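Student: One structure is given below, represented as structure tokens, and several questions about it will come after.
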Amino acid sequence: MNVFVEGMRQGLRLLVAGDAEVWGAVWISVRVALISTCIASVLGLPIGFLVATRRFVGKRAVVILLNTLMGLPTVVVGLLVYGMLSRRGPLGDLGLLYTPAAMVIGQVILATPIVAALTCGAASSLDARVLKTAYALGAGTWRAALTAARELRPGLSAAVVAGFGRVFAEVGVSLMLGGNIRFYTRNITTTLALETTKGEFALGLALGLVLLVVAFVVNLSFHVLKGSA
């Protein structure tokens, strides 16, 4: 218990003092996760909405596939993208491996199925009369979709928040594709894993606290959005 208390004190001291190692990792985590979530939302929200509101052959199989992809192991995604971006891979000439861009690619693959599946689930409960009324009043496809989005705001917010939470706390993709390069691709989770194995318990606790605080802020923001819907 004394080790934990002392580690907590040192961790708080690092946070308050503005330690470059800690806040550098925090900035990289937040920046990469936000970019990944934005891209995943642009891809996943329309996919989920279209799957839920359109009738087509194989719809049930697509829904099952989206739900299955929600549980993609991060190390599997990291391995596949690593193979694509490595020197021997088809995209090796781009030189993206061990860069923040590679981390974004992997995290987008992780988050997009989550956003799409949760959007599909939310849109499935939409009253069919909403779209029919919008079309009857002369709305085009995009205007009708925006009308539906306003009705589904709590569900869509939950989908985006879930996508962000998935990528912000993951470690496999960040480690395999980012390379854990200090002040470049080393984020909260990879720093926490590295420093803890080195015995730097205080730094690990400091980063763990940041993860908890960010998770709290994200969930609080979701509940605020849900309450204002």
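Student: Give me, ordered by chain and number, the residues 5 or more places off Arg186 or on other chains with an amide H under 5 Å from its own placed amide H.
Tutor: Ile181
Student: When Cα Rg over 2.2 N^0.38 Å is calculated directly from the model, which label among [x] 1.18; [y] 1.22; [z] 1.03 fits?
Tutor: [x]
Student: Take Leu65 and Leu146, extend 7 Å from each Cα along the Cα→Cβ direction, and tell me the distance between the two endpoints in nm.
Tutor: For Leu65 paired with Leu146, the spin-label model returns 3.1 nm.
Student: Something else now. With a length cut of 24 Å (Cα positions projected on each helix's long axis) and a Kyte-Doolittle mean of at least 1.6, go through the chain and give me the DSSP H helices that pass.
Tutor: Correct list, ordered by number: 20-53, 100-124, 201-228.
Student: Check each of the chymotrypsin sites (Phe, Trp or Tyr not before Pro) in the stretch 18-54 and keep only those in coil by DSSP with at most 16 other C-beta atoms within 10 angstrom; list them in order.
Tutor: Answer in residue order: no site qualifies.
Student: Build a GNM of the chain with springs between Cα atoms under 10 Å: which of Arg166, Arg54, Arg150 gets the top mean-square fluctuation?
Tutor: Of Arg166, Arg54, Arg150, the most mobile in the Gaussian network model is Arg54.
Student: Between the stretch 149-174 and the stretch 20-80, what's the alpha-carbon centroid distance in Å?
Tutor: Between the Cα centre of the stretch 149-174 and that of the stretch 20-80, the gap is 8 Å.
Each reported figure results from applying straightforward, stated rules to the coordinates on display, with no laboratory input. Here the structure is a predicted model, which means the values were calculated and not measured. Please note: Cβ atoms are built from the backbone with ideal geometry, for glycine as well, and neighbour counts cover all protein chains shown.
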